[in-house]
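The values are calculated or read from the model by the stated rules, or taken from the named source; none is laboratory data. Since the model is a prediction, treat every value here as computed from it, not as a measurement. Virtual Cβ from ideal backbone geometry, glycine too; neighbours counted across all protein chains shown.
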Amino acid sequence: MQRQIRSWLTANYGLLLLGVLPAILLLGALLYFIAWAFAYSFTNLELVEITSVNWSWVGLDNYRRLLTRRAFLEALWTAVNFIFFSAIVGQPVLGFLLALALRGSRGRLRRGAL
């Protein structure tokens, strides 16, 4: 059985590579645009006015201004709280309580057929 699978894979290697090619291209485009955005985050480039044409390198100044703004820090704290209480605590607890509630049931919910 293993030899049949291995021979099929080697015989159809080009077809398999052709099937994976769109995923590789999309992943490459995604990584390119992430790198592009990260590089431009170190500049003073804007969409309008003179800095849209004559931009310059500002280094970590953008990140320093971002991390010292109170509104950003409050939004970051809100996001961390939401993620912690909904995804890390909420879902497992609710899933466990639902499983516990359905543990002794003998109905359509137990079989999974709604």
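Let's see how each residue does on (1) of a type outside the set (Val, Ile, Thr); (2) at pLDDT 90 or above; (3) over 18 Å from the mean Cα position of the chain (by Cα); (4) outside any helix (DSSP H, G or I):
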| residue | (1), (2), (3), (4) |
| --- | --- |
| 8 | yes, no, yes, no |
| 16 | yes, no, yes, no |
| 22 | yes, yes, yes, no |
| 26 | yes, yes, no, no |
| 30 | yes, yes, no, no |
| 33 | yes, yes, no, no |
| 38 | yes, yes, no, no |
| 47 | yes, no, yes, yes |
- Note on the structure: Over the stretch 1-47, the set of residues in contact with a Phe, Trp or Tyr (Cβ under 9 Å, 6 or more places away or on another chain) and small (Gly, Ala, Ser) is 41
- Item | Index of the failed condition, residue 70 passing every other in (1) surrounded by fewer than 10 Cβ atoms within 10 Å (Cβ to Cβ); (2) touching a helix residue (DSSP H, G or I) at 6+ places or on another chain (Cβ under 9 Å) | (2)
